[in-house]
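Colleague: Handing you this structure, nothing more for now.
The values are calculated or read from the model by the stated rules, or taken from the named source; none is laboratory data. Computed from a predicted model, the values in this text were never measured in an experiment. Methodologically, a virtual Cβ is constructed for each residue, glycine included, from the backbone with ideal geometry; neighbour enumeration extends over all protein chains shown. Each accessible area value is taken on the protein alone, full model and side chains, heavy atoms only, with ligands, DNA and RNA left out. Shrake-Rupley method; radii C 1.70, N 1.55, O 1.52, S 1.80 Å.
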Amino acid sequence: MRKTLGWLLSLVVLIGTMGAAGATAQAATAAGPAAATDIKDRILGIPGMSLIEEKPYPGYRFFVLNYEQPVDHRQPWKGTFKQRMTLLHKDVSRPTVFFTSGYNVNTNPRRSEPTTIIDGNQISMEYRFFTPSRPDPANWAKLDIWQAASDQHRIFTALKKIYNKNWLSTGGSKGGMTATYYERFYPRDMDGVVAYVAPNDVVNNEDSAYDRFFAKVGTKECRDRLNAVQREALVRRAPLEAKYATAAAENGWTFTTVGNLDKAYEAVVLDYVWAFWQYSLLADCSSIPTAATASDQEIWDTIDSISGFSAYADQGLQTYTPYYYQAGTQLGSPDIKQPHLKGLSRYGYQPPREFVPRDIPMTFQSGAMADIDGWVRDNAHQMLFVYGQNDPWGAEPFRLGYKARDSHVMIAPGANHGANVAQLQEGEKALATAKILQWAGVAPAAALADSAKAAPLAAADAQLDQRDLEREPQLRP
């Protein structure tokens with residue numbers, strides 16, 4: 001599917017030595033110096049690539065790297081920045097997975113689910129403008145989905161010279177969105193896409209799908225219990241805000257960006273129901289206190305453990321400024337009505353503009369997501385979308401049109417924002433695994449003949465495969 005690598009050396013014909021020994025020598029020479037060069041040296045031989053550190057891990061080489069990128073891919077001569085990335089190296093003979101969370105990169109060895117399935121290498125990219133991968137000075141107009149996709153394209157182009165087998169892109173949530181946008185703008189780079197729990201907010205001001213979701217998710221008993229706690233937290237605003245002020249003083253939290261402690265408090269409380277379903281399971285409802293009899297401390301503790309009172313302090317927002325900027329300029333963000341809070345909510349769902357410093361200008365581009373949605377419906381090829389049944393972000397998913405080819409949308413029953421292939425029903429799990437293996441070019445003959453026989457090629461590794469579920473900020477309108 002891909003072109004032969006230009007870096008391969010011409011075969012050198014040995015003359016004189018015959019027989020098995022001669023054939024062996026000839027093969028060794030044919031492999032050339034590139035095969036003998038250490039992988040670190042080959043990676044660092046890429047112009048603009050530099051090493052931050054190498055960390056040992058059994059069976060792999062793991063590198064934390066910087067790669068010099070243009071601030072503006074349309075005008076690359078107008079400055080560069082260093083983008084952080086990691087490489088989990090297995091072998092150049094294996095396929096490669098291009099992973100991004102859409103946020104900061106994890107600098108510890110980790111393996112995404114597709115990487116485990118195909119037993120491959122993994123490149124993980126830090127999304128532009130998440131520190132330290134931020135231009136200085138930061139021209140925020142250069143933070144958009146095309147520029148980020150172009151970051152990936154440029155990394156792929158550089159590394160494909162070394163890793164010349166098939167490539168898949170993947171990520172969860174904003175990372176799943178990122179993988180999808182990359183495919184839209186550079187559809188010839190990847191051999192397949194595995195996008196987990198990727199929101200698709202096509203029309204930013206039409207969010208009734210979320211209201212329908214919250215009206216039926218889980219059980220009525222669980223929904224009522226969560227709503228009652230959320231309401232009680234606003235009824236008891238005065239004593240709980242006093243606790244918040246104490247916690248802020250103890251932790252050094254300030255509220256310059258959002259405006260004041262009261263607005264931050266309500267934003268945390270309004271996240272409560274959404275955050276529960278995003279990160280918890282129906283079985284966890286039993287841990288939610290009964291609002292009418294709960295103490296102030298119990299209400300505080302459940303809100304803090306699920307929503308997090310640090311989230312809307314300046315110190316909590318700072319990490320996610322690039323995300324809120326994108327939510328308010330291209331990605332969009334959901335709104336929900338929450339009628340049980342009528343008469344108690346002072347601000348409603350606050351827009352992303354409230355969570356980005358005022359010296360950063362923002363203008364929403366209403367056509368950005370419509371373009372992505374239309375492209376996926378008509379052009380998806382070898383793309384897999386996985387959603388969790390009880391994940392709020394799945395209320396507005398990607399959908400496939402009749403022109404899509406060899407692409408699938410699958411829903412993991414009872415799953416939350418951590419949904420993956422392993423949680424799918426058996427038939428879909430087997431099909432998804434078989435497709436990932438096939439797209440990567442490593443499907444065993446048995447799996448090609450019968451998807452029920454498809455299974456991950458790499459053995460499980462509790463440390464390497466642990467899920468670092470991004471504690472993401474809630475999207476706003």
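Colleague: Compute the relative contact order of segment 317-415 as a whole-number percentage, counting only Cα pairs closer than 8 Å that sit 6 or more residues apart in sequence.
Modeller: 25 percent
Colleague: Taking a cut-off of 20 Å between Cα atoms, list the lysines near LYS243, but don't count ones fewer than 8 places away on the same chain.
Modeller: Of all the lysines, those that pass the test against LYS243 - Cα under 20 Å, at least 8 places apart if same chain - are LYS263.
Colleague: Using only Cα atoms, tell me the angle between helix 368-379 and the longest principal axis of the chain; keep it within 0 to 90° and round to the nearest 10.
Modeller: So the inclination is approximately 50 degrees.
Colleague: Now for a separate question. Find out how many positive minus negative residues lie around THR246, taking Lys and Arg as positive, Asp and Glu as negative, among other residues whose Cβ is under 14 Å from that of THR246.
Modeller: -3
Colleague: With every protein chain left in place, what is the accessible area per residue of segment 68-171 in square angstrom, probe 1.4 Å?
Modeller: Numbers: 3330 Å² over 104 residues.
I get 32 Å² per residue for this part.
Colleague: Can you give me the accessible area per residue for segment 323-477, using a 1.4 Å probe, in Å²? All intermediate terms of the calculation are to be shown ahead of the outcome.
Modeller: Working: 6990 Å² over 155 residues.
Normalised by residue count, the accessible surface of segment 323-477 is 45 Å².
Colleague: Along the Cα→Cβ direction, 7 angstrom out, place labels at THR290 and ASP378. What is the inter-label distance in nm?
Modeller: 5.8 nm
Colleague: Antiparallel versus total DSSP beta bridges in the chain: what percent is that, nearest 5?
Modeller: If I count the DSSP bridges inside the chain, around 50 percent turn out antiparallel.
Colleague: If I compute solvent accessible area with a 1.4 Å probe over the protein chains, what percent of it on the chain is carbon and sulfur? Can you show the working numbers first?
Modeller: Numbers: 10760 of 20360 Å².
Taking all protein chains in place, the chain shows 53 percent carbon and sulfur surface.
Colleague: Looking only at segment 219-241, which residues have a backbone nitrogen under 14 Å from a spot 7 Å from the Cα of LEU282 in the C-beta direction?
Modeller: Counting backbone N atoms under 14 Å from the label point, the list is 219-224.
Colleague: On a straight-distance basis, which lysines could pair with LYS142 in a cross-link, Cα separation under 20 angstrom, same-chain partners fewer than 8 positions away excluded?
Modeller: LYS78, LYS82, LYS174
Colleague: Would you please give the FRET efficiency between ALA422 and ARG74, computed as 1/(1 + (r/R0)^6) with r the Cβ-Cβ distance and R0 = 35 Å, to the nearest 0.05?
Modeller: The formula returns an efficiency of 0.30 here.
Colleague: If one computes the Cα centroid of segment 165-204 and of segment 391-432, what distance in Å separates the two points?
Modeller: Cα centres, segment 165-204 to segment 391-432: 14 Å.
Colleague: Could you name the aspartates and glutamates in cross-link range of LYS337, using Cα to Cα under 13 Å and dropping any fewer than eight places away on the same chain?
Modeller: Partners within reach: GLU206, ASP207, ASP211, ASP271.
Colleague: Measure nothing fancy, just the Cα-based angle from helix 261-270's long axis to the longest principal axis of the chain, in degrees from 0 to 90, nearest 10.
Modeller: So the helix axis and the longest Cα principal axis differ by about 70 degrees.
Colleague: Also, quick follow-up: Which angle between 0 and 90 degrees, to the nearest 10, do you get for helix 19-36 versus the longest principal axis of the chain when only C-alpha atoms count?
Modeller: 40 degrees
Colleague: Which order do peptides 371-380, 236-245 fall in by mean Cβ count within 10 Å, highest first?
Modeller: 371-380, 236-245
Colleague: At 222 nm, what helix-only mean residue ellipticity would the chain give, in deg cm²/dmol to the nearest 500, using -39500 (n - 2.57) for each DSSP H run of four or more?
Modeller: -10500 deg cm²/dmol
Colleague: Quick one: length gained pulling GLN466 to GLU298 fully straight, 0.36 nm per residue minus the C-alpha distance?
Modeller: 57.4 nm
Colleague: Indicate, rounded to the nearest 5 percent, the antiparallel portion of the DSSP beta bridges found entirely in segment 78-232.
Modeller: Antiparallel bridges make up about 25 percent of those DSSP assigns within segment 78-232.
Colleague: Give the calculated FRET efficiency between ASP224 and LYS453 to the nearest 0.05, with a Förster radius of 41 Å applied to their Cβ-Cβ distance.
Modeller: Computed FRET efficiency for ASP224 and LYS453: 0.35.
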